[in-house]
Amino acid sequence: MGKRRPSPPRRRVGSRLCRGVSGACVVPPGLDAPSERRRRLTELSAVSRLYVKENMADPWQECMDYAVTLAKKAGEIIRGALKEEKSIMIKSSPVDLVTETDQKVENFIISLIKEKYPSHSFIGEESVAAGGGSILTDNPTWIIDPIDGTTNFVHRFPFVAVSIGFVVNKKIEFGIVYSCVEDKMYTARKGKGAFCNGQKLKVSGQEDITKSLLVTELGSNRDPETIKIVLSNMERLLSIPIHGIRAVGTAAVNMCLVAAGGADAYYEMGIHCWDMAGAGIIITEAGGVLLDVSGGPFDLMSRRIIAASSRPIAERIAKALQIIPLKRDDATD
């Protein structure tokens, strides 16, 4: 009988035991290599599907992050311009003002967005004033007010905001309002809440109109009949009575004050879609409601709004208001 050959030395490669120089490996009991590979691939596939699902569920988050960055940079331009002499021009009336900074900020924002998202559409206050259109389509659309509160800006009254609204299929997906003198960044994404400098916003929830504080504006229309209706509406509301009416000179900041619980409702007629698009979703994501001044559904292109902490207050305001006839933002004639 010949001598028994000694077994070749074993060595460990990963989780396997291998014999000799041939590298033949034995998978230890309970660990099937192909099964392990399949399990790991399945895990990776699940992670990939989750990532894709999350991004499909919120495809506009990148746009929102970019909007915040642009609003901050625009705010820096505005704060710098506040220290300088201003070249002031007029638009529809001697009190409807525009400055070179309005135009500079809008061009800055739109040019950078066009570069990044060339297929998107735009409605900008100064672009429309220069003859551009304001027709809202289903296409992803950026609605921009470069300086909401231009009269405040001219007088250095410290409530000036950059407003950016993003609309898809005629629905607001997110809104940014940067009150740049205060350094307050208001943001809201559909279904994800509203925030100011990272702190979650919540409306007051007040439902009793007699315990409410309202915000509004006198507007830039100096037609005697229009002024009469504006003042009459204030008188009607004060006579309910309510606690008071305030005005800070910017529709977007007024609405953000309601979202933050500092006021109970905001109403106005004669403003535009760029005044409302950024702040509208901030109101609803903070738990508030938007109505038309008639009491019907809110219409972004109607140039009129009630933004309130509760439906009962919004409906009571609508009941008190005399409506000012206005040409819609999307009117083609």
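Can you tell me how many residues in the stretch 152-177 are among the aromatic types (Phe, Trp, Tyr), open to solvent by less than 10 Å² (accessible area, probe 1.4 Å) and more than 20 Å from Gly287 (Cα to Cα)?
1
Trp142 meets the conditions (1) open to solvent by less than 50 Å² (accessible area, probe 1.4 Å); (2) hydrophobic (A, V, I, L, M, F, W, C); (3) without any contact (Cβ under 8 Å) to a residue 12 or more places away in the chain in every case but one. The failed one is (3).
Among residues belonging to the stretch 284-333 that are within 14 Å of Gln206 (Cα to Cα) and in a helix (DSSP H, G or I), point out the one that is most open to solvent (accessible area, probe 1.4 Å).
Filtering first and then ranking leaves Arg311.
Residue by residue, here is whether (1) of a type in the set (Gly, Ala, Ser); (2) in contact with a strand residue (DSSP E or B) (Cβ under 6 Å, 6 or more places away or on another chain); (3) open to solvent by 10 Å² or more (accessible area, probe 1.4 Å) holds:
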| site | (1), (2), (3) |
| --- | --- |
| Ile209 | no, no, yes |
| Ser220 | yes, no, yes |
| Val230 | no, no, yes |
| Ile240 | no, no, yes |
| His243 | no, yes, yes |
| Thr250 | no, yes, no |
| Val253 | no, yes, no |
| Ala263 | yes, yes, no |
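Of everything listed in (1) modelled with pLDDT under 95; (2) more than 24 Å from Thr250 (Cβ to Cβ), the single unmet condition for Val98 is (2).
The values are calculated or read from the model by the stated rules, or taken from the named source; none is laboratory data. On a predicted model such as this, the values are computed, not experimentally measured, just so you know. Positions of Cβ are generated from backbone atoms using ideal geometry, with glycine treated the same way; all protein chains shown enter the neighbour counts. All accessible areas refer to the heavy atoms of the entire protein, side chains included, with ligands and DNA or RNA removed. Shrake-Rupley method; radii C 1.70, N 1.55, O 1.52, S 1.80 Å.
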